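Asks: Take this structure, written in structure tokens, and hold onto it; I'll ask about it next.
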């Protein structure tokens with residue numbers, strides 16, 4: 001392990017920040033909230049913030065440059081997940097599904113296909129719908145997955 005166990009949140013669109021804090025407090029793991037703007041955070045010694053510029057992908061760049069094998073990254077951004085996996089970090093999506101080195105390639109390919117369909121005009125996506133709404137099951141899966149990752153990594157620190 002390169003450093004101390006910690007959680008880095010790609011926070012601007014993260015729907016599970018409260019869940020992250022809950023699990024982090026239980027495991028006494030520091031959390032770094034990375035965003036382009038100031039947001040309200042709980043007053044707690046384990047929580048800190050990193051406000052980056054408003055340049056495109058500034059938060060992603062900061063996270064990718066500062067993660068290591070002791071980092072758990074929380075993001076819904078597939079390309080950021082890929083960069084962090086290559087740096088050795090563990091990466092969880094907001095729904096609790098882990099991004100892994102074996103699954104990231106198909107996730108990137110699906111993302112590219114959807115981008116191509118969207119660029120083809122509105123008619124191309126008719127009937128395909130968007131992502132499913134965030135559910136209680138997603139929150140529950142996320143809590144469980146984050147707990148499992150922290151337990152696994154704590155054994156190696």
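Asks: How many residues does segment 25-51 contain that are in contact (Cβ under 8 Å) with a residue 24 or more places away in the chain, under 22 Å from residue 87 (Cβ atoms) and not in a loop (DSSP other than H, G, I, E, B)?
Replies: 6
Asks: Still on this structure, please answer the following. Quickly run through segment 20-40 and pick out the residues that are modelled with pLDDT under 95 and surrounded by 15 or more Cβ atoms within 10 Å (Cβ to Cβ). I'd like the intermediate steps shown before the answer.
Replies: At the first step, the residues of segment 20-40 found to be modelled with pLDDT under 95 are 36-40.
Passing the criteria: only 36.
Residue by residue, here is whether (1) modelled with pLDDT under 90; (2) not in a helix (DSSP H, G or I) holds:
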| position | (1), (2) |
| --- | --- |
| 53 | no, yes |
| 69 | no, yes |
| 85 | no, no |
| 108 | yes, no |
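The values are calculated or read from the model by the stated rules, or taken from the named source; none is laboratory data. These numbers come from a predicted model, not from an experiment. Note that each Cβ is placed from the backbone with ideal geometry, even for glycine, and that neighbours are counted across all protein chains shown.
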